[in-house]
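Working notes for the structure below.
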Amino acid sequence: MDYNSEISNARNFSDIFEIVKGIVYEYLGTDQAGLMVGVTDLGSYQNGFIGAFYSLNANAIIINKRPLARILQTNPTIYNYYLFHIMLHEYIHAIGSYDEAQTRLLVHEISDNYFGN
């Protein structure tokens, strides 16, 4: 499957989330049922922003809409790819990887496997 084209042609959050779930299931053989995805303004700070977080208690991924809006203004061609990366990272947390460093490494490994450097 050409995941690069799939991401590029995705029309909404749901399309991208389905790609994330498919890749993780294909790569790791596991998934997380009943997960919700929400968007809210988590703000930004002088030295950066929180892109998203996974809430274990709510079984939800919450995405910061502020960087999404900024990407749409400045470089809309990367919007779906940014969203994919954020969702992939948080989905890896959702399937049980709670260590941040380990999650980052796994996201990089998956991305490298499917998309190369």
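For the reader, a short list of remarks on this structure follows.
- Residue check, G22 among the small types (G, A, S) and outside any helix (DSSP H, G or I): no
- Restricting region 1-19 to residues that are aliphatic (A, V, I, L, M) and over 17 Å from N64 (Cβ atoms), the residue that is surrounded by the fewest Cβ atoms within 10 Å (Cβ to Cβ): M1
- Of residues in region 27-54 being open to solvent by less than 30 Å² (accessible area, probe 1.4 Å) and not in a loop (DSSP other than H, G, I, E, B), the one farthest from H93 (Cα to Cα): G48
- Residue in region 92-100 that is among the aliphatic types (A, V, I, L, M), buried (at least 18 other Cβ atoms within 10 Å of the Cβ), in a helix (DSSP H, G or I) and touching a residue at least 24 places away in the same chain (Cβ under 8 Å) present: yes
- When residues in region 63-85 are screened for being within 10 Å of the chain's Cα centre (by Cα) and open to solvent by less than 70 Å² (accessible area, probe 1.4 Å), 5 of them pass.
The values are calculated or read from the model by the stated rules, or taken from the named source; none is laboratory data. These numbers were taken from a predicted model, which means no experiment stands behind them. We place every Cβ from the backbone using ideal geometry, glycine too, and count neighbours over all the protein chains shown. Just so you know, the surface numbers come from the protein's heavy atoms only, side chains and all, with ligands and any DNA or RNA stripped out. Shrake-Rupley method; radii C 1.70, N 1.55, O 1.52, S 1.80 Å.
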